Amino acid sequence: MSDTLYAGDKLLDAWLNLTSSLWNTRLVSSMTYNEAHVLGLLLRYEADGPMTATTLIRRTHLLKSQMNKVLTSLESKGHITRTRSQADRRVIELILTPEGKRAYREEHKNAEAILAKLLERIGEDRALRVARDIDEITDILEDILSGFPL
């Protein structure tokens with residue numbers, strides 16, 4: 001096996017191990033993983049203004065049907081509202097409600113406890129370096145995949 005293939009396989013293996021570890025750990029209990037992910041994105045990017053389902057689909061890589069199901073569930077729980085954009089009446093904006101913020105923060109406590117233990121072991125500097133590397137790899141991979149016929 002060439003060094004390049006070996007490096008690619010090792011990267012893929014590490015990526016799958018990381019995502020499997022996180023996916024198989026029940027970090028949330030009163031909502032689905034996708035619901036928590038969407039609420040987290042709405043909260044983190046709240047200062048940028050309202051988000052749309054299209055933006056969330058792009059950030060989460062969920063299918064449109066999956067996103068509609070998540071948004072319907074979050075709306076029925078009172079975690080989000082959907083309103084028409086004043087700038088463009090064709091656009092539906094998603095607004096995180098105070099109840100949605102509270103629910104996300106409550107659920108996020110488990111993840112925060114796990115992250116605190118991880119940071120104790122690897123340190124903040126290393127965590128930030130790894131996060132930058134993962135973001136860079138993700139951006140490169142998305143660029144490659146955008147031109148790849150699937």
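Summary of values
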| quantity | calculated |
| --- | --- |
| Those residues of the range 107-136 which are in contact (Cβ under 8 Å) with a residue 12 or more places away in the chain and of a type in the set (A, V, I, L, M, F, W, C), in sequence order | Ala111, Ile114 |
| Scope the range 39-65; condition closer than 22 Å to Ala111 by Cβ and touching a strand residue (DSSP E or B) at 6+ places or on another chain (Cβ under 8 Å); matching residues | Leu39, Leu41, Leu42, Leu43, Tyr45, Glu46, Met51, Leu56 |
| Residue that is nearest to Glu46 (Cα to Cα), among those in the range 92-108 that are open to solvent by less than 20 Å² (accessible area, probe 1.4 Å) and in a helix (DSSP H, G or I) | Gly100 |
| Qualifying residue in the range 61-77 (condition: touching a residue at least 12 places away in the same chain (Cβ under 8 Å), more than 17 Å from His37 (Cβ to Cβ) and not aliphatic (A, V, I, L, M)) | no |
| Tally, over the range 34-60, of residues that are β-branched (Val, Ile, Thr) and in contact (Cβ under 8 Å) with a residue 24 or more places away in the chain | 3 |
| Number of the exception - Ala113 against (1) open to solvent by 60 Å² or more (accessible area, probe 1.4 Å); (2) part of a helix (DSSP H, G or I) | (1) |
| Number of positions in the range 70-90 that are outside any strand (DSSP E or B), over 17 Å from Ser30 (Cβ atoms) and open to solvent by 80 Å² or more (accessible area, probe 1.4 Å) | 4 |
| Boolean, Thr4 is closer than 21 Å to Arg102 by Cα, polar (S, T, N, Q), free of Cβ contacts under 8 Å to residues at least 40 places away in the same chain and not in a loop (DSSP other than H, G, I, E, B) | no |
| Matching residues, the range 91-145, being basic (Lys, Arg) and at pLDDT below 90 | Lys109 |
| Scope the range 118-132; condition surrounded by 10 or more Cβ atoms within 10 Å (Cβ to Cβ) and either assigned to a helix (DSSP H, G or I) or in contact with a Lys or Arg (Cβ under 7 Å, 6 or more places away or on another chain) (or both); matching residues | Leu118, Leu119, Ile122, Arg126, Ala127, Leu128, Arg129, Val130, Ala131, Arg132 |
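The values are calculated or read from the model by the stated rules, or taken from the named source; none is laboratory data. Just so it is clear, the model here is predicted, and its values are computed rather than measured. As a convention, Cβ positions derive from the backbone with ideal geometry for all residues, glycine included, and neighbour counts pool all protein chains shown. Note: areas computed on protein heavy atoms with side chains; ligands, DNA, RNA excluded. Shrake-Rupley method; radii C 1.70, N 1.55, O 1.52, S 1.80 Å.
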